[in-house]
Structures are given as structure tokens and as C-alpha cells.
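The values are calculated or read from the model by the stated rules, or taken from the named source; none is laboratory data. Fair warning: this is a prediction, and the values are worked out from it, not measured in the lab. Backbone-built Cβ (ideal geometry, glycine too); neighbour counts: all protein chains shown. Remember, those area values only see protein heavy atoms, side chains included, never the ligands or the DNA or RNA. Shrake-Rupley method; radii C 1.70, N 1.55, O 1.52, S 1.80 Å.
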Amino acid sequence: MNEQHGRPSGSPIGLGGGKMAKIIGVTLSERVLAGLVVDNKLAGPLQCFPDNDDDGAMIEMPTDELVKMICEQVVCAARGTSDISAVGVALPGVIRNGVVEESPNLPQLKGARISELLTIKLAEHGLSTTVNVMNDADGMASGLAATLGKLDRLIRVWTLGIGIGYGRYPFIDGVWEGGHGIVSLDDKERFCGCGGQGHMEGIMGHRAMRLRFLDMEPEEVFEAANDPSSGDKRCLEFKKLWHKALAAATATEIHQEGAGKFFLTGFNVRFVDLPMLRDYLQKMVKMSPLQSYSVEIVKDDAETRVIGSAVAAEQAAARG
Ligand SMILES: [Zn+2]
């Protein structure tokens, strides 16, 4: 897991004199986390807002307050250093060219030119730097590439949570809402948070599972499915459907972009039965050049995400 390979050449931005670039990585979900990253590693403590259990604090915050608060966290994370070469901010939603085009979990941000707003606010705090904003699942993919020493590889990651995130590394321009990939042609499959029919998230997302099983929590569904004595056919059938959905979406990505490494993360990886998933994948991917894929479960940790935001921002700054 922690094998460290040499970094591909040209990865860190040289600041002249052989000094390592200092980047601030930020992630924004139920809370804001920020940290100073140097040479693909955390170089200071993680800042966290709010530092209590108030999970609803962000969703009620207007955009200007949110921007102000993110800047404060960035300034704290910079710890008095003024030569910050870039700031990377990962947040849930469709992000293109520094603009939040869609963000179901932080609806107040829809349409916000977040990169510009942060750049201006940070300058007021004396930090003149470029701000790169990205989708949080892509940030996670960058973080895994960096922490596993695989910055030269294609990395794809499914985040199995309230919704389903799909991230990829390295950066390419475009939109890939993989969690909304079509995995069913059944008209009754309409539990996706986006309202679309037949979507992966409509089967696998935590919110969608609760809508489907109004009388059972997802934990209870999988518990019954995994207990041969329960005799609950409905739960076992759903467990199979859930794994088929993950296999189908992964197989689609394999057929679009080739084989390679897929990571699974997010709080619902606890439901993943890897042998069952591999069995379905094997039935769905038959072309021999596409069979060198692998699937691995990884812990969803804050540190990897913060490092990922920073590494993605560093690479964006290098692209200019
Ligand atoms: Zn959807």
C-alpha cells in the first residue's frame, strides 16, 4: 500500500533554488479541511471548520460567508508563509473553469465563480496565489495517486456514500459524472438524487437505498442478505443488484478508457463483497486487452483528500 516510487519528472513546481513548492489543499463537504502540503506530504496540522459536530453548518452558509471562512482556513494552514504557490479546493459538484456549475449538496454555490472569489479574498489577506477548484472525487483520485506514488498512472475511484462519486486522475477537461452512469434500463429505477432514471447512484447511493427500503436501513438490508438463515430473498436480490450496478459502471469505464486500477472508498465500502463484484466484472468484461484491471478498497481519509487537492492544484499551476 505505502510503496513509494520515484516521482515522475516535472511533478513538483520548482520555485528556483531547489525549494519545494508550498501548496494549500482544501476539501469542502460537511466541513472544511485545509492543510499545507509540501512534496506531496502534509507539512502542518489539518485545519477544520466547524470543529464540532454541526454537520449542517455549511449548507446554511451563504456563498460570501463560505468564501470568507475558506480563506480563513487557508490563512491558518499557511502558518505565516507568504510564498504559497497554489491553493487547491475540492468540493462536491460539477466544476468547470473555476465555476460551480452544479452542486446538489451545497446548492448556494451553483453558478458561483468560486475560483475568482477565493483569489480576490485571499489577496485581501495578503496571499497572492492561484486557486484551482476541482470536483472532490477527482481530488481524491489525485490524493491516491500522490500518496501511493502513482502520479504516472491512470487512477479511477468510486466514492460510495450518500451519493456516488467518480473521480479520475490525471486531469483532463470535461465532465464525468460516473455515479450517474446508466446501469439499468428498468423504468422503475428512479431513486437517483438527480432525478434521472436507471442511474448507478439510484441503486447504490445511501439516500437511494433508504428510499427503496422504507422499512429497513441499508445496514439491515446487507445484514439480512449476508445471513443465510434470514431467508430474506428481497435483501439478497438487492445485494446482487447493488454489486451488478458497481460492476456495470466499472465495466463501462473500462470499455471507455481501458483497464487499470479502480479504488473504492466512502463509508459504504463496508457493504462491498469483493468476490461477488469480481465475478460480475468478469462476466461483463470479455475482451482480452481490457482484462488487466484491478479493484481495491481504500480508507477514505481526510489527509489523502487534502493532499489530493494540493497535488491537483500544483499540476494545474504547472499547466498554466
Ligand atoms: Zn443520477
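Starting from the Cα of Lys244, draw a straight line to each of the aspartates and glutamates and keep only those under 15 Å, dropping any in the same chain fewer than 8 residues away. Qualifying aspartates and glutamates at Cα under 15 Å: Asp186, Glu189, Glu201, Glu253, Asp273, Asp279. Of Leu274, Leu281, the order by accessible heavy-atom surface (1.4 Å probe, DNA, RNA and ligands excluded), from most exposed downward, is Leu274, Leu281.
For Lys240, the lysines whose Cα comes closer than 25 Å to its Cα, not counting residues fewer than 8 places off in the same chain, are Lys188, Lys261, Lys283, Lys286, Lys299. The angle separating the long axis of helix 114-124 from the principal Cα axis of greatest extent in the chain is about 30 degrees. On C-alpha positions alone, give me the angle between the axis of helix 302-319 and the longest principal axis of the chain, in degrees, nearest 10. Taking Cα atoms only, the helix is inclined about 60 degrees. Modelled spin labels at Asp64 and Ala318, positioned 7 Å past Cα toward Cβ, are 3.9 nm from each other. Remark: the chain carries a charge dipole of roughly 1000 debye about the Cα centre, counting +1 on each Lys and Arg Cβ and -1 on each Asp and Glu Cβ.
Rounded to the nearest 5, the antiparallel percentage of DSSP beta bridges internal to the chain is 50%.
Can you tell me which of 194-204, 137-147 comes out highest on packing, and rank the rest after it, using the mean Cβ neighbours within 10 Å?
137-147, 194-204
In this structure, the residue pairs whose Cα-Cα separation is over 32 Å, taken from Lys68/Lys239; Lys41/Lys239; Lys19/Lys121, are Lys68/Lys239; Lys41/Lys239. Taking each residue as 0.36 nm, the span from Glu102 to Asn226 lengthens on full extension beyond its C-alpha to C-alpha distance by 40.9 nm. Computed about the Cα centre, the dipole magnitude for the range 182-253 is approximately 200 debye when only Lys and Arg (+1) and Asp and Glu (-1) carry charge, each at its Cβ. Excluding same-chain neighbours fewer than eight residues apart, the aspartates and glutamates reachable from Lys110 by a Cα-Cα span under 18 Å are Glu30, Glu60, Asp64, Glu65, Glu101, Glu102, Asp136, Glu177. Each Cα pair under 8 Å and six or more residues apart adds its sequence gap; the mean of these over the residue count of the range 30-111 is a relative contact order of 25 percent.
Over the range 153-252, all Cα pairs binned in 10 Å intervals from 0 give whole-percent P(r) values of 16, 45, 29, 9, 2, listed from short to long.
Computed from the Cβ-Cβ distance with R0 of 30 Å, the FRET efficiency linking Phe171 to Glu296 stands at 0.85. Taking the DSSP beta bridges with both ends in the range 77-200, the antiparallel portion is around 60 percent. Taking every C-alpha pair closer than 8 Å and separated by at least 6 residues, the mean separation divided by the residue count of the chain gives a relative contact order of 20 percent. Less than 13 Å Cβ to Cβ from Gly174, Lys/Arg counted +1 and Asp/Glu -1: what total charge do the surrounding residues give? Around Gly174, the surrounding residues sum to -3.
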